[in-house]
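Notes follow once the structure below has been shown.
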Amino acid sequence: MHTTEQSGDSCPHTPPLPGGDEPSPWVVRWSHLVPAGGRVLDVACGGGRHTRWFHARQHPITAVDVAPAAIDALAHLGETVCADLENAPWPFTGRQFDAVVVTNYLWRPLLPTLVSSLAPGGVLIYETFAAGNETVGRPSRPDFLLQPGELLDACASLRTVAYEDGFLPAPERFVQRIAAVRVMGSDAVARRAL
């Protein structure tokens, strides 16, 4: 299914975000937390490296991005939505997902919506640039860099399974990343493989 949400006559184009074609090692490492066959929302999906990776593992996919070309290229893999997440309404109001995956993207007003979009037992796998990155490259504007502990604060209502905030050498970058699960009742003490 291909859907286009637009705030004007056409969805604006943005260049693809860094990351290449291979899925993020962080996403791969924590993807086992996604329930088998669980629906995955790939936010700001860009070229679709995570959309393709989860699709290959039999997960129903919903991919959203502002770039029509990115969405058009992924339409054969599942539901695709062209939407401006920063200037238009959230296109998934009332829906929940078994996983929400976000890499190399930050729009702070969206953080609570991403958390509330998790179904019970669902996992948020998030990785993006952090403060300090301005010393090694782009992005360098504070608007695009997480502050220390910011993802932990945004995910306070979730059970954090893994969290990192630091420097990676190749390519040089400062990142903050989290894998956190929406737990309910007795699931709060469930064993989750590391």
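Here are the numbers for this structure:
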read-out	value
Reciprocal of mean inverse Cα separation for segment 58-136 (Kirkwood radius, Å)	13.9 Å
Rounded to 5, the percent of DSSP beta bridges in segment 36-184 classed as antiparallel	45 percent
Gain in span if fully extended, residue 72 to residue 140, counting 0.36 nm per residue against the direct Cα distance	21.5 nm
Relative contact order for segment 36-184, counting Cα pairs under 8 Å that sit 6 or more residues apart, in percent	19 percent
Test item: Cα-centred dipole of the chain, Lys/Arg +1 and Asp/Glu -1 on Cβ, debye	660 debye
Inter-label distance, nm, simple model (7 Å from Cα along the C-beta direction), residue 36/residue 116	3.3 nm
Under Karplus coefficients 6.51, -1.76 and 1.60, residue-wise ³J(HN,Hα) of segment 151-166 in Hz, glycine/proline x	5, 4, 5, 5, 9, 4, 7, 9, 8, 6, 9, 8, 8, 9, 8, x
Whole-Å semi-axes of the chain's equivalent ellipsoid (Cα gyration tensor)	23, 22, 16
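Coordinate-derived values only; no laboratory data. Owing to the predicted nature of the structure, the values given are computational and were not obtained by experimental measurement. Positions of Cβ are generated from backbone atoms using ideal geometry, with glycine treated the same way; all protein chains shown enter the neighbour counts.
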